[in-house]
Amino acid sequence: MGLDYWFVHLMWTIPPALLMTILYWPFFTKLEVYKISTLATVATLATLPWDSYLVRTNVWSYPATAVAGPTLFAVPLEEVFFFIIQTYITALLYTILTKRLVLPTYLLRLPKGQLPLIGSFIISSVFILGAVGFSVGGRYTYLSLIMLWVCPFMLLQWVMSCRFLFALPRKEIVLSIGLPSLYLCVVDNLALRRGTWVIEQKTKMDIRVWDSLELEEAIFFFITNVMVIFGLVAIDHAIAIAEHQIASSLGTIERFPSFGRLVMLYCFGRPEDHNLPFLEGLAEAVRKVSLKSQSMYMGSAVFCSGLRFDLLLLYYFCRVMDDLVDEAPNRAAADLAIKQCLDALETHFNQSSVSGRSGQKASVLSVSKEQESLNHAPASDLLSSINLLPTSRLKLEPFVNLIAGFETDLEFSIEDQTFPIKTEEDLEIYAYNVAGTVAVLILGLVFAYHPMPPSQSHEEHSELIKAGEKMGQALQYVNIARDIKHDAVIGRVYIPTSWLAEEGLTPTDVLTNPSHPRLTKLRNMMLNKADASFRDAVGAIDDLPNEARAPIRTVVESYMMIGKMVRKSPNEVLSGEGKLKLSLWRRFGIAWWAMRDVGSV
């Protein structure tokens, strides 16, 4: 009786598993728990008979001084625990690395051709090679048994998931397989050197990859991690199909299937036809949002899938419209884009009021005719983004007010010395139009997916909406304080002219010298206004549905942290070339702290 094997777990396998669990715990979803638990169970059940055979036939052994004694089908419990924790580590790493991915968009990238057939031929050939090696026996025994055990499972996984596997980003797949494999090879080398487990001399190739690490052991860890990833990819393929059906559904929001039903549908009834126009639009929205705002793209991952897609599509529209106004070749082109945006929105909402999301089809048909009258190519993106809006879960009025905010942006004119933000009231109206309305739209989506209890009164609901408007304004004030120089470059000054006059400045002074020392006080006034609005509205977050409370808090507090950084680094803000952004680790810390209170599981 000994504790060497448990010592290996205590020192080498449990710590990384525990560390990753602590870091990821607030972000765990029930679906991810089911996914990892299922893989760990299947891996254990699939490996146990094979490992039992190896022990009973003396292919490898465990010295009595290395294991505690209790066994399951002749396999030490320490080894059974190894099956579980290896699967857990690899699966959790994959889950972390792929958390940000919008899985339905990868249904567009499924490779064509004979990939399943080619892979099946290779796996079958390896199986035959293993059978030949096993019949020869001797030094080929252990390696051949690995081949014979792995190939049937891998063939099934390959046939089911190979196309989706090759559609996913390569880096995430390689890291998910490579990092755990390398780490476990290091652990295995230490264990072999200590004699914690022993491969019998007559059954192995006796080729060492590194120090005491046998070739068979390196292959074992690599191939078992490949199988874990294949299993996860198959489940993610099923999730992608289910999420696509939900996201592209008509007005009624479909519930995500239970995990058991998800697996059954994937194995016995998965559809091969997908709504390609919708998937192409969603993929373009994801691409645009990830380029323009990593914070929004990464932050959206903490929302449930259907709500996440709607938020991305809403933000996609906002970004496209913002770019059209800011990058228009002239005022006339921007005015035309705004006019046609309003017309397209009204048309799309009117059509969708009858047909739910099917209004897409009618709107898409009008793109080519609309586009003929637009003067610059990005307008086609605008029409596409409007067609993708989930109008059954949104209202037109906030969009009209949002467009009014864009019209304010067009009123700025250096030549005419026109600066529309003259008073603090003008500032508040502008902040409401460009940000408060977006908050209202977001809350509309939240309530569509997570309805408030019937006991909530109309007045209470209205108070939540007002708090959302206030919070949106607060975040816009932070943006203005941060982007003084950036806005000056494009001829805009959002600091009220009345504030500037109190400091003996004019909007032209800001355009000429956006790093003027006296702007520090005005920037702090803007941040004070943001803080006041934040304090007035933040309490309402606790009244939101539980599923949305922590994600909303994460987004809000990330923005407010930018405001704190602006206060601490005035010179960097006023003289820096780019926009001040939070580091990845700081964003993670804010999200972890915000999510921990509610927890996703």
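Can you find a residue in segment 291-308 that is within 21 Å of the chain's Cα centre (by Cα), charged (D, E, K, R) and outside the structural domain of L110 (by TED's automatic domain parsing)?
Within segment 291-308, one or more residues are within 21 Å of the chain's Cα centre (by Cα), charged (D, E, K, R) and outside the structural domain of L110 (by TED's automatic domain parsing).
Given the criteria surrounded by 18 or more Cβ atoms within 10 Å (Cβ to Cβ) and small (G, A, S), does A43 qualify?
So A43 passes the test.
E425 versus (1) at pLDDT below 95; (2) assigned to a helix (DSSP H, G or I); (3) over 24 Å from Y315 (Cα atoms): which is the lone unmet condition?
(1)
Conditions: (1) assigned to a helix (DSSP H, G or I); (2) touching a Phe, Trp or Tyr at 6+ places or on another chain (Cβ under 6 Å); (3) of a type in the set (G, A, S). A488 meets all but one. Number of the miss?
So the condition that A488 fails would be (2).
Quick one: how many residues across segment 281-326 are among the charged types (D, E, K, R) and touching a Pro at 6+ places or on another chain (Cβ under 7 Å)?
2
Taking the options L72, L19, L48, name whichever one is of a type in the set (A, V, I, L, M, F, W, C), without any contact (Cβ under 8 Å) to a residue 12 or more places away in the chain and not assigned by TED's automatic domain parsing to the domain that holds F303.
Sole residue among the options that is of a type in the set (A, V, I, L, M, F, W, C), without any contact (Cβ under 8 Å) to a residue 12 or more places away in the chain and not assigned by TED's automatic domain parsing to the domain that holds F303: L19.
Cβ-Cβ below 9 Å, separation at least six or inter-chain, first residue in segment 584-596 and more than 21 Å from A548 (Cβ to Cβ), second part of a helix (DSSP H, G or I): which pairs?
L584/Q294; L584/M298; R586/S558; R586/M561; R586/M565
Taking the condition of being part of a helix (DSSP H, G or I), more than 17 Å from A537 (Cβ to Cβ) and without any contact (Cβ under 8 Å) to a residue 24 or more places away in the chain, how many residues in segment 437-468 meet it?
Of the residues in that region, 1 qualify.
Tell me which residues, restricted to segment 459-494, are surrounded by fewer than 17 Cβ atoms within 10 Å (Cβ to Cβ) and more than 34 Å from the chain's Cα centre (by Cα).
Answer for segment 459-494, where residues must be surrounded by fewer than 17 Cβ atoms within 10 Å (Cβ to Cβ) and more than 34 Å from the chain's Cα centre (by Cα): E459, G491.
Condition first: over 17 Å from L505 (Cα atoms), of a type in the set (S, T, N, Q) and surrounded by fewer than 23 Cβ atoms within 10 Å (Cβ to Cβ). Now tell me which residues in segment 413-436 satisfy that.
Once the filter is applied, which keeps residues that are over 17 Å from L505 (Cα atoms), of a type in the set (S, T, N, Q) and surrounded by fewer than 23 Cβ atoms within 10 Å (Cβ to Cβ), segment 413-436 yields only S413.
Would you tally the residues in segment 208-223 being buried (at least 20 other Cβ atoms within 10 Å of the Cβ) and among the aromatic types (F, W, Y)?
2
Restricting to segment 548-571, name every residue that is closer than 14 Å to N479 by Cβ and in contact (Cβ under 8 Å) with a residue 40 or more places away in the chain.
V555, V556, S558, Y559, M560, I562, G563, V566, listed by residue number.
Going by what's in this entry, would M471 be described as in contact with a Leu (Cβ under 9 Å, 6 or more places away or on another chain) and in contact (Cβ under 8 Å) with a residue 40 or more places away in the chain?
It is false that M471 is in contact with a Leu (Cβ under 9 Å, 6 or more places away or on another chain) and in contact (Cβ under 8 Å) with a residue 40 or more places away in the chain.
Is one or more of the residues making up segment 179-195 in contact with a Lys or Arg (Cβ under 7 Å, 6 or more places away or on another chain) and surrounded by 20 or more Cβ atoms within 10 Å (Cβ to Cβ)?
no
Note down all Cβ pairs under 9 Å where the first residue falls in segment 268-288 and is over 26 Å from S380 (Cα atoms), the second is surrounded by fewer than 20 Cβ atoms within 10 Å (Cβ to Cβ) and of a type outside the set (A, V, I, L, M, F, W, C), and they're at least six residues apart or on different chains.
P271/Q245
Give P514, P545 a once-over and let me know the one that is surrounded by fewer than 20 Cβ atoms within 10 Å (Cβ to Cβ), touching a residue at least 60 places away in the same chain (Cβ under 8 Å) and under 24 Å from P420 (Cα atoms).
Selected residue: P514, the only one of P514, P545 that is surrounded by fewer than 20 Cβ atoms within 10 Å (Cβ to Cβ), touching a residue at least 60 places away in the same chain (Cβ under 8 Å) and under 24 Å from P420 (Cα atoms).
I'd like to check something: does segment 561-573 contain any residue that is closer than 20 Å to L445 by Cβ and either modelled with pLDDT of 90 or more or in contact with a Phe, Trp or Tyr (Cβ under 6 Å, 6 or more places away or on another chain) (or both)?
Within segment 561-573 (the criterion being closer than 20 Å to L445 by Cβ and either modelled with pLDDT of 90 or more or in contact with a Phe, Trp or Tyr (Cβ under 6 Å, 6 or more places away or on another chain) (or both)), the answer is no, since none of the residues qualifies.
List, please: which pairs have Cβ atoms under 7 Å, are six or more places apart or on different chains, and start with a residue in segment 482-510 that is in the same structural domain as E411 (by TED's automatic domain parsing) and end with one that is of a type in the set (K, R) and outside any helix (DSSP H, G or I)?
R482/K579; D483/K579; H486/K579; P496/K422; T497/K422; S498/K422; E503/R518; L505/R518
Across segment 1-31, what is the total count of residues that are among the β-branched types (V, I, T) and at pLDDT below 95?
The number of residues fulfilling the criteria is 2.
What residue, among those in segment 495-511 that are β-branched (V, I, T) and part of a helix (DSSP H, G or I), is surrounded by the fewest Cβ atoms within 10 Å (Cβ to Cβ)?
T508
The values are calculated or read from the model by the stated rules, or taken from the named source; none is laboratory data. Because the structure is a prediction, the values reported are computed rather than measured. Because the Cβ atoms are built from the backbone with ideal geometry, glycine has one as well, and the counts that use them run over all protein chains shown.
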